[in-house]
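Everything on this sheet refers to the single structure shown next.
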Amino acid sequence: MTSSRALPVLTILAAAAIVPAAGLALAGRHMVMFAPIVHVLVVGAAGALAAVAAVGLSVMAARLNDGRAVLLGFAFSAMALMLVIHALATPGALVGDNGLVQVAGALNLPVGGGILALSALPALRRPRAADRLLRVQLAALTAMAAAGALALVDPAIVPALPGAGSTGASVVFAVAAIALGLLAWRAGRTFVLTRRAPDLVVTVGVVWLIGAQYGLLHYGMMDAAWWLAHGFEVAGIGCIGIPAALDLRHGVASRPLVGDLRATDLVANEEAFLGGRVRSLMLRLAEKDASTAGHTRRVATLAVRIGERLGLPETRLRRLALGGLLHDMGKLTIDDAILNKPGKLTDAEFAAIKTHPVAGRELLAELGGFPEIVLALVESHHERLDGRGYPHGRRAGELELEVRILTVADVYDALTADRVYRKAWRVERALRLLHDECDAAFDAECVAALREVVAPAQPVAGWYARIGAVVESAVDPPMRLAS
């Protein structure tokens, strides 16, 4: 990830860390004394919260048959069980002095964070992985419960490791911080892409768990910071578990945790944020021109993927997704007979088609609330670098990178999709046309990025491919790119 894309994520993580860092520093080693029952209740609350999240996540994971979702339930189940054991082992409550309370408290977050970190593995999307993981989860939780019960019966068998502030405690913290840090990075990057409040809440929650782990390992029961760390632990688990459960309720594994937000997700998120009026216009356009609904989403997704290849930061990718979704909105003003004509357009009909970019910009400007670059994408997606495009004949120096990207994505999809006036071109032929027009009509870097996205193994067209192009041209009707 480039520095321009990493900086917003790092800023969010640093801001989220201010609260636990300041809180633990201020609380420090100020001596406090609470009755053992207070610890039981505080930790029990965290365990109950984790247990509720675990049950909900596991049930929905089984329905989705998604291994990543199963791991989310597994992580919260493990944390819930260890928190319960930690609470029950409170010295002076049910048992006397023991090492179990320290072990369960120290390993709770590293174990949960490690399991959550595994949720990004692509192989876990497979249904078989979900089935196997459910069995592993049941076996692991049974073994943990049995070991915890045995240790509660005879607390002396568990040494008090790691000691507060010891080298061992620092090692355990480092392991936990790495696993949780990976989760925080995923969640922060997802928020920068989506701007969803729940994704920000998850990011903050993971960072707070890192702070909680530090406090639990480096302070003792008589220190105010140790008790404050429990508060951050409860809050962090809630910040992660509740949004994750809500995501699963809508049929998707938690995006900020699994970290696999792709171009299709980004486009879907931008579409979800469109107001009711814009969405109704998109539905009208889909009814008016059956091929347009799929075309706009494909173009938006492809443009975002090209932008990712070119290293665009998240904010610009979101604008590109929105412009892609709306770029053909001006077709609402074009007569149906022209849009759906199966044959070659007359000069007058093509002139009518060429009005749709300006009409689209005017329509969105009237609705209001759209950034200038989105309006430019709608108005300029048929411009060409050499000035042969329309509606204004703008040249390379006047066309933003986002416009160049969208132009390439739009033409490629127009060529490789079936239209009423012709059959879809093969990928090789479409790429060949774009390649041949590089630096004249299309930006060479954008075309190269497109090739990497759609056909990374495709060689540059040779003499044999050009012969095929001549044959295809002989049987295809004239090309129409007023998509």
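The values are calculated or read from the model by the stated rules, or taken from the named source; none is laboratory data. The structure displayed is predicted, hence computed values, not measured ones. Here the Cβ is made from the backbone with ideal geometry for all residues, glycine too, and neighbour counts use every protein chain on show. What goes into the accessible areas is simple: the full protein's heavy atoms, side chains included, and nothing from ligands, DNA or RNA. Shrake-Rupley method; radii C 1.70, N 1.55, O 1.52, S 1.80 Å.
Applying the selection to the range 218-235, what residues are part of a helix (DSSP H, G or I), of a type in the set (A, V, I, L, M) and more than 17 Å from Ala17 (Cα to Cα)?
We begin by selecting, within the range 218-235, every residue part of a helix (DSSP H, G or I); these are 218, 224-235.
Okay, now just the ones that are also of a type in the set (A, V, I, L, M), so 224-225, 228-229, 234-235.
Across the range 218-235, the qualifying residue is only Ala224.
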When (1) at pLDDT below 85; (2) of a type outside the set (A, V, I, L, M); (3) part of a loop (DSSP other than H, G, I, E, B) are applied to Gly294, the one that fails is (3)
Of the residues in the range 1-53, those that are in contact (Cβ under 8 Å) with a residue 24 or more places away in the chain, open to solvent by less than 40 Å² (accessible area, probe 1.4 Å) and either touching a Leu at 6+ places or on another chain (Cβ under 7 Å) or farther than 30 Å from Leu100 by Cα (or both) come to Arg5, Val9, Ile12, Leu13, Ala16, Gly23, Leu24, Ala27, Val43, Ala46, Gly47, Ala50
| Residues in the range 55-63: is at least one in contact (Cβ under 8 Å) with a residue 60 or more places away in the chain, closer than 25 Å to Met222 by Cβ and either buried (at least 24 other Cβ atoms within 10 Å of the Cβ) or of a type in the set (Gly, Ala, Ser) (or both)? | no
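Taking into account only those residues within the range 298-326 that are at pLDDT below 85 and in a helix (DSSP H, G or I), which is least open to solvent (accessible area, probe 1.4 Å)? Give the derivation first.
Kept after step one, since they are at pLDDT below 85, are these residues of the range 298-326: 313-315, 318.
Imposing the further condition that a residue be in a helix (DSSP H, G or I) reduces the set to 314-315, 318.
Working: Glu314: 3, Thr315: 58, Arg318: 37 Å².
Selected residue: Glu314.
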Per the list (1) closer than 19 Å to Arg316 by Cα; (2) assigned to a loop (DSSP other than H, G, I, E, B), residue check on Ala424 breaks on (1)
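Give the residue, chosen from Ala129, Ala17, that is within 22 Å of the chain's Cα centre (by Cα), modelled with pLDDT under 85 and of a type outside the set (Ser, Thr, Tyr). Give the derivation first.
Numbers: Ala17 fails: modelled with pLDDT under 85.
The match here is Ala129.
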- Looking at this structure, is Leu81 open to solvent by 20 Å² or more (accessible area, probe 1.4 Å), out of contact with any strand residue (DSSP E or B) (no Cβ under 8 Å at 6 or more places or on another chain) and among the hydrophobic types (A, V, I, L, M, F, W, C)? yes
Leu161 vs (1) in contact with a Pro (Cβ under 7 Å, 6 or more places away or on another chain); (2) under 21 Å from Leu88 (Cβ atoms): all pass except (1)
Counting only residues that are in contact with a helix residue (DSSP H, G or I) (Cβ under 7 Å, 6 or more places away or on another chain), part of a helix (DSSP H, G or I) and within 19 Å of Lys354 (Cβ to Cβ), the range 380-412 contains a total of 5
Picked from the range 17-60 (must be touching a Ser or Thr at 6+ places or on another chain (Cβ under 6 Å) and of a type in the set (A, V, I, L, M)), the residue farthest from Gly105 (Cα to Cα) is Ala54
Condition set within 12 Å of the chain's Cα centre (by Cα) and open to solvent by 50 Å² or more (accessible area, probe 1.4 Å), scope the range 164-197, selection nearest to Ala17 (Cα to Cα): answer is Trp185
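Residues checked against (1) open to solvent by less than 60 Å² (accessible area, probe 1.4 Å); (2) modelled with pLDDT under 90:
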| residue | (1), (2) |
| --- | --- |
| Gly368 | yes, yes |
| Arg394 | no, no |
| Glu398 | no, no |
| Arg404 | yes, no |
| Ala409 | yes, no |
| Ala441 | yes, no |
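Residues Gly238, Gly215: which one is modelled with pLDDT of 90 or more and outside any loop (DSSP other than H, G, I, E, B)?
Numbers: Gly238 fails: modelled with pLDDT of 90 or more.
Selected residue: Gly215, the only one of Gly238, Gly215 that is modelled with pLDDT of 90 or more and outside any loop (DSSP other than H, G, I, E, B).
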Of the residues in the range 288-337, those that are under 17 Å from Phe370 (Cβ atoms), basic (Lys, Arg) and touching a His at 6+ places or on another chain (Cβ under 8 Å) number 0
Listed by first then second residue, the pairs whose first member lies in the range 424-442 and is at positive phi, whose partner is open to solvent by less than 40 Å² (accessible area, probe 1.4 Å), with beta carbons under 7 Å and at least 6 positions apart or on separate chains, are Asp439/Leu385
